[in-house]
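Heads up: the structure comes next, in structure tokens.
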Amino acid sequence: MLHEIEDIEQERLRLSQRPAVREAPPVFCAFDVRTSCPVPEFRDRVLSVLDPALRLAVSQPFEGEDLPVDAIPGWFTAVARDSAEPAPDFAAQGAERYSTAVGRGAWDLQEWLYQFDPESEFRGWAWWDLTQSGEREARVWVDTWGESFFACDELRWLAYVSGAVEVHGPTLERSEAWFAAARS
């Protein structure tokens, strides 16, 4: 699925402010996440990685060269495959949980970042929102253009290494469900 630069800029904007109801697509895909930390802490970790990844998507040519990683949080780079840096416990445990859940090992940092190439068709989702459904329960909302089956392992990786204990989904949800969750 191609991501236009303007769409990625809108996606970045949704990281810092909840989108308006009138902007919502008719359906979303949602992931239910149980976290090992308070939801605001989990949210901050997720957004601290997504923001620089999306910034790279609109500012860098994806031409096979290594992308700059100086804006990516150190804890995220430390948990990547072949990193020599020790990862914090929450990230290391998340990598283990991801491996158990998905059956795949750690992501290479550059491979993960390349999922955000605007001309790539691999990333089948766009960030929409994260709502809290309990002290340690969150729901991640993504726009998949109505598709219920899409590539999302890079999103699962991000969730797990950001502090997810379990990630369930995706499930298709009408936009009314997001609106109700966003109001509570």
Conditions (1) open to solvent by 20 Å² or more (accessible area, probe 1.4 Å); (2) part of a strand (DSSP E or B); (3) among the hydroxyl-bearing types (S, T, Y) -> T131 fails only (1)
If a residue must be hydrophobic (A, V, I, L, M, F, W, C), in contact (Cβ under 8 Å) with a residue 40 or more places away in the chain and surrounded by fewer than 19 Cβ atoms within 10 Å (Cβ to Cβ), how many such residues does the range 134-169 contain? 3
So G94 fits all but one of (1) open to solvent by less than 20 Å² (accessible area, probe 1.4 Å); (2) modelled with pLDDT under 95; (3) not hydrophobic (A, V, I, L, M, F, W, C); what number is the exception? (2)
Scan the range 100-124 and report the pairs whose first residue is open to solvent by 50 Å² or more (accessible area, probe 1.4 Å) and whose second residue is of a type in the set (A, V, I, L, M), with Cβ atoms within less than 6 Å and a gap of 6+ or a chain change. E121/M1; F122/A151
Give the number of residues within the range 65-121 that are within 29 Å of I5 (Cβ to Cβ), within 16 Å of the chain's Cα centre (by Cα) and of a type in the set (S, T, Y). 2
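Which residue out of P86, P118, P68, P25 is assigned to a loop (DSSP other than H, G, I, E, B) and touching a strand residue (DSSP E or B) at 6+ places or on another chain (Cβ under 7 Å)?
The unique qualifying residue is P25.
The values are calculated or read from the model by the stated rules, or taken from the named source; none is laboratory data. Everything numeric here is computed off the predicted structure, so don't read it as measured data. Cβ sites come from the backbone with ideal geometry, for glycine too, and all protein chains shown count toward neighbours. Keep in mind that these areas ignore ligands, DNA and RNA; they rest on the heavy atoms of the full protein, side chains included. Shrake-Rupley method; radii C 1.70, N 1.55, O 1.52, S 1.80 Å.
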